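Structure record follows, encoded as structure tokens.
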Amino acid sequence: MTERFDFVVIGAGVSGEAAASYARARGATVALIERDLFGGTCAFWGCMPSKTLLHAAEVRAHGGEYPWERASARRDYMIVREGRDYPDDSGHVRDYKVAGIVPVRGTAKLAGPGKVVVRTDGQPRELEAKDIVIAVGSLGKVPKLEGLAEAGFWTNKEGTSLRELPKSIAILGAGPSGTELAQVYARFDVRTTVVSPRLVNPTDHPRSSALLAKTLRADGVDVRENARAERVRPRAGRGAEHVVELADGSTVEAAVIELNVGRTAAPALSSLGLDAVGIAYDGGDFLEVDETLRAADHVYAVGDCIGHEISTHLGHYEGEIAVKVALGDKIRADFTATPRAVYTDPETAGVGLLLDQAKERGIDAYEETADLATSAKGYVSESEGHVSIVIDRKNKVLVGAFIGGPAASEAIHEAVLAIKLRTPISLLAQTIHAFPTVTRVMGGLFAKADLALR
């Protein structure tokens, strides 16, 4: 028997949950399909466990009593894995049912316009809907390196769920996840090496990247920037550690190799039957959508699988936007003010365009920067870092902002709103900022820019 809904959402990570919850809030009927854990990567293998471990590592680094056993137990509590080998997602399922969402556990396949067949443990279930939202998430990429498969490797899943610390670890890739976990491991006395083909967190502001590299080195991490892994020799090192050969002729030895070299949605997308709904999928890492997140008529895609920027907050936003569009709201997705953050100690955060990016878009832009270490906030908290803003001279508005320092992930949101609303620099300069804070430093840059633009 066919079950009919207003929406069928495929994938119950953050973006899928957001789409389903918002659709129900607007009175629509919703089925939410998930083949693994309802709640997805963020809840069980990403944001929540990693930030829990970062907190424990920070307490320990600053002299607090936080042994690994306690940190591991706290992480298990956060991912509902106490006394279990695999997390329990029943709390998510219960909340869906309370909200009126119909959870369906199984593997979905598109069977035609508005039609989805779900392979379950029992009989297949046939679902129909006016609109379908694809939110299948992503997996960590695995590079083609000789010897890697034989050596074995971790991804973010093993990296955030480990219960026993390895003696040593080599992290290939230094994006947000790799950088954060490197600090966790090092602060719990694991010999840690990070290998990055460019800078640490290379898409960040260069001053933020430099701060992260300096911070990791201060924690004892061997940071190899502008280095690329070329080959792995399994168990060929001292104590049967793996040897990673780098392009510059140097090597790294470690008991565990962890991969943080990007994400792909290809495995899930290739098995979804996209051609059945008129989507010509080319086998790439991500699915293409238009500015309303539409992939085909009455089919939307959101979250990791469209690859805009892989973050929980953006996936949540996209999930709600897709449903709003499907319900007839005259809006489109706006990514101009998407915040990004790395939750190390200290943090980094950014929003908008770097100076070079702004100039490439034809904006007459310039940058103002303040050294956080010599600010009042830096002196009282013994902190270092920076606050940098990118200004559009012609329109006298903010187009980018970047922070490295304490609470950067919180302080960035004034700039997020300013870019979103295109708030005049003169108005930002007149805004009172509490003293002594990181946002006060940003406020000083607004005042400086206001004078320069007169």
Problem set entry | Verdict on residue 410 being charged (D, E, K, R), under 22 Å from the mean Cα position of the chain (by Cα), surrounded by 15 or more Cβ atoms within 10 Å (Cβ to Cβ) and not assigned by TED's automatic domain parsing to the domain that holds residue 214 | yes
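Within the range 25-56, work out how many residues are charged (D, E, K, R) and in contact with a strand residue (DSSP E or B) (Cβ under 8 Å, 6 or more places away or on another chain).
Here is the first cut: in the range 25-56, the ones charged (D, E, K, R) are 26, 34-36, 51.
Then drop every residue that is not in contact with a strand residue (DSSP E or B) (Cβ under 8 Å, 6 or more places away or on another chain), which leaves 34-35.
Residues that pass the stated criteria total 2.
Condition check ((1) surrounded by fewer than 17 Cβ atoms within 10 Å (Cβ to Cβ); (2) under 30 Å from residue 289 (Cβ atoms); (3) basic (Lys, Arg)) across all residues:
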position: 331; (1), (2), (3): yes, yes, no
position: 338; (1), (2), (3): no, yes, no
position: 344; (1), (2), (3): no, no, no
position: 353; (1), (2), (3): no, yes, no
position: 375; (1), (2), (3): no, no, no
position: 384; (1), (2), (3): no, no, no
position: 389; (1), (2), (3): no, no, no
position: 433; (1), (2), (3): no, no, no
position: 437; (1), (2), (3): no, no, no
Exercise. Restricting attention to the range 90-98, does a residue exist that is surrounded by fewer than 17 Cβ atoms within 10 Å (Cβ to Cβ), among the charged types (D, E, K, R) and at pLDDT below 95?
Worked result: no
For this session: Could you name every one of the strands (runs of 3 or more DSSP E) located completely within the range 230-290 that has at least 2 residues being without any contact (Cβ under 8 Å) to a residue 60 or more places away in the chain?
Result: 242-246
For this session: Report, by residue number, each residue of the range 46-101 that is of a type in the set (Phe, Trp, Tyr) and closer than 22 Å to residue 183 by Cβ.
Result: 66, 68, 77
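Give the residues of the range 422-438 that are in contact with a strand residue (DSSP E or B) (Cβ under 9 Å, 6 or more places away or on another chain) and either closer than 26 Å to residue 364 by Cβ or free of Cβ contacts under 8 Å to residues at least 40 places away in the same chain (or both), sorted by residue number. Lay out the reasoning, then the answer.
In the first step, residues of the range 422-438 are kept if they are in contact with a strand residue (DSSP E or B) (Cβ under 9 Å, 6 or more places away or on another chain); the result is 422-425, 428, 438.
Answer for the range 422-438, where residues must be in contact with a strand residue (DSSP E or B) (Cβ under 9 Å, 6 or more places away or on another chain) and either closer than 26 Å to residue 364 by Cβ or free of Cβ contacts under 8 Å to residues at least 40 places away in the same chain (or both): 422, 423, 424, 425, 428.
The values are calculated or read from the model by the stated rules, or taken from the named source; none is laboratory data. Predicted, not measured: the structure shown is a model, and the values here were computed from it. Reconstructed Cβ throughout: ideal geometry from the backbone, glycine too, with neighbour counts over all protein chains shown.
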